[in-house]
Amino acid sequence: MSRQLRRNGGDGSLADMNTDPSCIFCKIVAGEAPAAIVAEDEVTLAFMDINPLTPGHLLVIPREHHESIATIRGSVLSHMVLIGQWLAAALRASPEIRTEGINLYLADGSAAGQEVPHSHLHLVPRWPGDGFRIRAERTWSPGPGDLEEMAAQIRDAATD
Ligand code: AMP
Ligand code: ZN
């Protein structure tokens, strides 16, 4: 369940904002649940993941409640990615947090592993031997022409 709240936009105007009172990330946005905040602006909030995959694991979320990227406005989604890029540089520059590589990860839908139904971008610092694994068992191998056919199917399904 989500509802609309009126809030002050960055330009002083009122803008509609989706929120879900039962959502833990909406509670963090509202200051009703604790979080180690890294950065915040009018559109996004970044905070440390409470159960980190590696030290420095953080999340970038839109302030608005959206379960899926499908309903996030393009300007908000691109802002999330830009904040992710900025904080990735901060992780790499941090002398104490080992960051030789970073996984940017977004699970869209429970079938994709999404557990918190408020869309979020993970930044996971990585280094050789960090113990973090992404296991994927390939269940399908393309035959001749399969990739071209699939490309056409996706192309046909894509909206303008
Ligand atoms: P996902 O599986 O992509 O939905 O990831 C959800 C992430 O949110 C997990 O890595 C959790 O550890 C993290 N998480 C859940 N609750 C909190 C919380 N209250 N504060 C910070 N991170 C959280
Ligand atoms: Zn939410």
Query raised in the report: From the set of residues in the range 132-155 that are assigned to a loop (DSSP other than H, G, I, E, B) and either touching a Lys or Arg at 6+ places or on another chain (Cβ under 7 Å) or among the hydrophobic types (A, V, I, L, M, F, W, C) (or both), which is modelled with the lowest pLDDT?
Result: ILE134
Query - Set LEU77, LEU45: member being in a helix (DSSP H, G or I) and touching a helix residue (DSSP H, G or I) at 6+ places or on another chain (Cβ under 7 Å) - result: LEU77
Query raised in the report: Hey, among LEU82, LEU58, LEU53, which residue is more than 16 Å from ligand 2 (Cβ to nearest atom), free of Cβ contacts under 8 Å to residues at least 12 places away in the same chain, closer than 24 Å to PRO125 by Cβ and among the aliphatic types (A, V, I, L, M)?
Result: LEU82
Query raised in the report: Within the group SER78, SER68, which residue is of a type in the set (Gly, Ala, Ser), farther than 21 Å from CYS26 by Cβ and under 14 Å from the mean Cα position of the chain (by Cα)?
Result: SER78
Report task. For residues that are within 23 Å of THR99 (Cα to Cα) and either surrounded by fewer than 21 Cβ atoms within 10 Å (Cβ to Cβ) or away from ligand 1 (no atom under 16 Å from the Cβ) (or both), tally how many sit in the range 58-79. Result -> 1
Report summary line: So, first residue free of Cβ contacts under 8 Å to residues at least 60 places away in the same chain in the range 24-38, second residue near ligand 2 (Cβ under 9 Å from one of its atoms) and not basic (Lys, Arg), Cβ within less than 7 Å, six or more apart or across chains; the pairs are ALA33/ILE24; ALA35/ILE28
Report summary line: Filtering the range 89-131 for residues that are in a helix (DSSP H, G or I) and either within 14 Å of the chain's Cα centre (by Cα) or within 18 Å of ALA70 (Cβ to Cβ) (or both) leaves a count of 3
Query raised in the report: Looking at (1) at positive phi; (2) touching a residue at least 12 places away in the same chain (Cβ under 8 Å); (3) surrounded by fewer than 18 Cβ atoms within 10 Å (Cβ to Cβ), which is the one condition that is false for GLY113?
Result: (2)
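The values are calculated or read from the model by the stated rules, or taken from the named source; none is laboratory data. All figures in this text were calculated on a predicted structure; none of them were measured in a lab. We place every Cβ from the backbone using ideal geometry, glycine too, and count neighbours over all the protein chains shown.
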